């Protein structure tokens, strides 16, 4: 069976298909791999991304007026880099896989300032007790379920007794335009007096400095 194109039409169709496949490869793997190699990770880096769009992601970004809808902590295991994150549950995701998942493969990295880098071992160790806990779509600050910025905030608090970023109430953020989405996940009225910590407010911490960004 001859699989090679014979007519000009078949050759053109094959050429277009190959170009499309090459473009998909570049977009999905080559570009994020470039950024993966460009970024030089250090343990306990706090890494932020924009997740693929859905109603909850749009609400997080809109309510906080920030492109940061997800955050995790860099850890090193067996000479490989992972992001410890709360998404579905608290688990470790290979860094490259994590970058690919983000919208446009963009991410930003913040690092503890020199004064606080001695706390890194305790900070990482403090994350261990949250491993496996389910994701909290209601963004409550109890320990039963954990959301992404809560994992970072509580682990640092456990290790240092310091607040990495600030807690804010939902009512003091831009919640009105996202009321229907909030009601959907809350299964009730928006909890305007509920204290939360968002990725944005983590990034504004006085203990952190921005060390990398590829557009985010």
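Each reported figure results from applying straightforward, stated rules to the coordinates on display, with no laboratory input. It should be emphasised that the depicted structure is a prediction, and the values quoted were computed from it without experimental measurement.
Length gained on full extension, residue 128 to residue 54: 23.7 nm, using 0.36 nm per residue less the C-alpha separation. Axis of helix 148-160 versus longest Cα principal axis of the chain: the two differ by about 50°, to the nearest ten degrees. From the alpha carbon centroid of segment 187-211 to that of segment 122-138 is 17 Å.
Based on DSSP H segments of at least four residues, each scored -39500 (n - 2.57), the chain has a per-residue ellipticity at 222 nm of -10500 deg cm²/dmol. For helix 55-64, what angle does its Cα long axis make with the longest principal axis of the chain, in degrees from 0 to 90 and rounded to 10? Result, in degrees: 50.
Once you sort the root eigenvalues of the Cα gyration tensor of segment 40-213 as a ≥ b ≥ c, which label holds: rounded (a/c under 1.5), prolate (a/b larger than b/c) or oblate (the other case)? Since a/c reaches 1.5 and a/b is larger than b/c, the shape of segment 40-213 is classed as prolate. Per-residue extension of 0.36 nm, minus the Cα-Cα distance of residue 166 and residue 209, leaves a gain of 13.9 nm for this segment. Taking Cα atoms, how many degrees apart are the long axis of helix 8-25 and the longest axis of the chain, rounded to 10 and kept between 0 and 90? Around 20 degrees separate the two axes. For the pair residue 115 and residue 189, the difference between a 0.36 nm per residue extended length and the Cα-Cα distance amounts to 22.4 nm.
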